[in-house]
Amino acid sequence: MTNERTILLVGRTGNGRSTIANVISNTNKFKESEYAVSESEGGQIEHFRIRGENMIYHIIDTIGIGDNRFTGEETLHRLANAIKGVQNGLNQIFFVISGKFTQEDVEAFTLFRTVFFGEDIGKYTTIIQTKFPGFRDPEKRRKNKEVMRNQNENVATILNSCRRLVHVNNLTEQEDSRQRARNDCRAFLRNYLSSNCQNVYIPSNLGEMDERIQNYLAEKSHGDGEQIQINQLMKENQHLREQLNNFIAQQNLKNLQNFPFQGFPGRF
Ligand SMILES: Nc1nc2c(ncn2[C@@H]2O[C@H](COP(=O)(O)OP(=O)(O)OP(=O)(O)O)[C@@H](O)[C@H]2O)c(=O)[nH]1
Ligand SMILES: [Mg+2]
């Protein structure tokens, strides 16, 4: 049995990936961005051991999707470089969401499924929901999962395809001076990793990743071009409608002015 485990953290910017990396590894090596300014620039890998286990853990933090310091293309290339580090196998992807499963999260997950990994991504992915104060309460976790499933079909499909939804609340030292929330989350996540994430997945199509990125960018720019055309046509349509309405109003006015008033004494 292998005595190494690799965990890859991905998700939208600001959702709490670096914080999770610190919490699991019990370090402060990953920069947490307090001021809504992104900190993770590409991939950062750190290694740690858990006392009593003959295991080395490798944890890889990645650049967030939607980080506005970089263009979409730059972000994809930075992500690709980080993800190439797991081509010999990974044990778990943590897809990090925060608060709610937003439409942007759905798009980010779809990007990882279609461009970087494959249709089977869910088999080795756990969704981690951060900033969930009720993380210790099983009823609140169950309720939250139910609400999410009913939120919309795309979210439900992603949730069903993944291994599990895990809730955490990694409060800062200012928010929780004794760090009880982080300690509890660490205990849970470490236990989850050591008892549930033994299998090694070798993403089959990482070799074609660069080609898929190019195709994705080409399709996106084609799609953007079409959207620009649609917007232009809608503008023109709106302009024509306004002209038509003005014309009709003028015609109505003319008809009124030409109306033979004689038959309606006192009415006008
Ligand atoms: N209350 C609370 N705050 C959190 C939690 N997780 C992260 N934060 C805070 O959210 C902010 C962003 O967290 P990061 O870990 O830097 O997020 P990130 O996903 O690495 O973001 P980028 O690397 O900038 O894209 C920081 O101020 C964290 O302290 C959580 O579970 N609860
Ligand atoms: Mg970060």
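Read-outs throughout are calculated quantities, based only on the coordinates presented, and are distinct from any laboratory measurement. Model, not experiment: these values are computed from the prediction. Quick reminder, even Gly has a Cβ in these numbers, built from the backbone with ideal geometry, and neighbours come from all protein chains shown.
Size of the dipole of segment 204-257 about the Cα centre, Lys and Arg at +1 and Asp and Glu at -1 on the beta carbon, nothing else charged, in debye to 20?
Computed charge dipole of segment 204-257: roughly 560 debye.
Given segment 33-182, what percent of its DSSP beta bridges are antiparallel, to the nearest 5?
Values: 8 of 18 bridges.
Looking only at bridges with both residues in segment 33-182, the antiparallel portion is about 45 percent.
Give me the three principal axis extents of segment 81-162 from the C-alpha atoms, as integers in angstrom, largest value leading.
In descending order, the Cα extents are 39, 26, 19 Å.
Is there a quick way to get the dipole size of segment 157-268? I mean about its Cα centre, with the Cβ of Lys and Arg at +1 and of Asp and Glu at -1; what is the value in debye to the nearest 20?
Using only the charged Cβ atoms, the result is roughly 560 debye.
For a bin width of 10 Å, list the pair-distance distribution of segment 219-258 built from all Cα-Cα distances, rounded to whole %.
The percentages, shortest bin first, are 28, 26, 19, 15, 9, 3.
Restricting attention to segment 159-268, which GluC sites (Glu not before Pro) occupy a DSSP loop and are surrounded by at most 15 other Cβ atoms within 10 Å?
In loop regions of segment 159-268 (DSSP not H, G, I, E or B), the sparsely surrounded GluC sites (Glu not before Pro) are 173, 175.
Quick one: among 207, 122, 43, which has the greatest mean-square fluctuation in a GNM of the chain with alpha-carbon springs under 10 angstrom?
In the Gaussian network model the winner is 207.
So for the chain: antiparallel DSSP bridges make up what percent, rounded to the nearest 5?
Numbers: 9 of 31 bridges.
Once the DSSP bridges in the chain are tallied, antiparallel ones form about 30 percent.
Once you have the Kirkwood Rh of segment 4-204 from its Cα pairs, apply Stokes-Einstein at 4 °C and 1.567 mPa s and quote D in µm²/s.
76
In a Debye calculation with equal point scatterers on the alpha-carbon sites of segment 1-113 and no solvent, what is log10 I(q)/I(0) at q = 0.17, 0.20, 0.21 Å⁻¹?
-0.81, -1.09, -1.18
Mean-square fluctuation check for the chain, GNM, Cα pairs under 10 Å: which of 44, 103, 251 is largest?
Largest GNM mean-square fluctuation: 251.
Which listed residue (250, 80, 90) has the Cα farthest towards the positive end of the charge dipole for the chain, taking +1 on Lys and Arg C-beta and -1 on Asp and Glu C-beta about the Cα centre?
90
Between 192, 216, 57, which gets the highest mean-square fluctuation from a Gaussian network model of the chain, Cα cutoff 10 Å?
Maximum fluctuation in the GNM of the chain, among the listed residues, is at 192.
If you take the charge dipole of the chain about its Cα centre, with +1 on Lys and Arg Cβ and -1 on Asp and Glu Cβ, which of 230, 24, 205 is farthest toward its positive end?
About the Cα centre, the residue reaching furthest to the positive side is 24.
How much mean residue ellipticity at 222 nm does the chain get from its helices, if each DSSP H run of length 4 or more adds -39500 (n - 2.57) and you divide by all residues, to the nearest 500 deg cm²/dmol?
So the calculated ellipticity at 222 nm is -15000 deg cm²/dmol.
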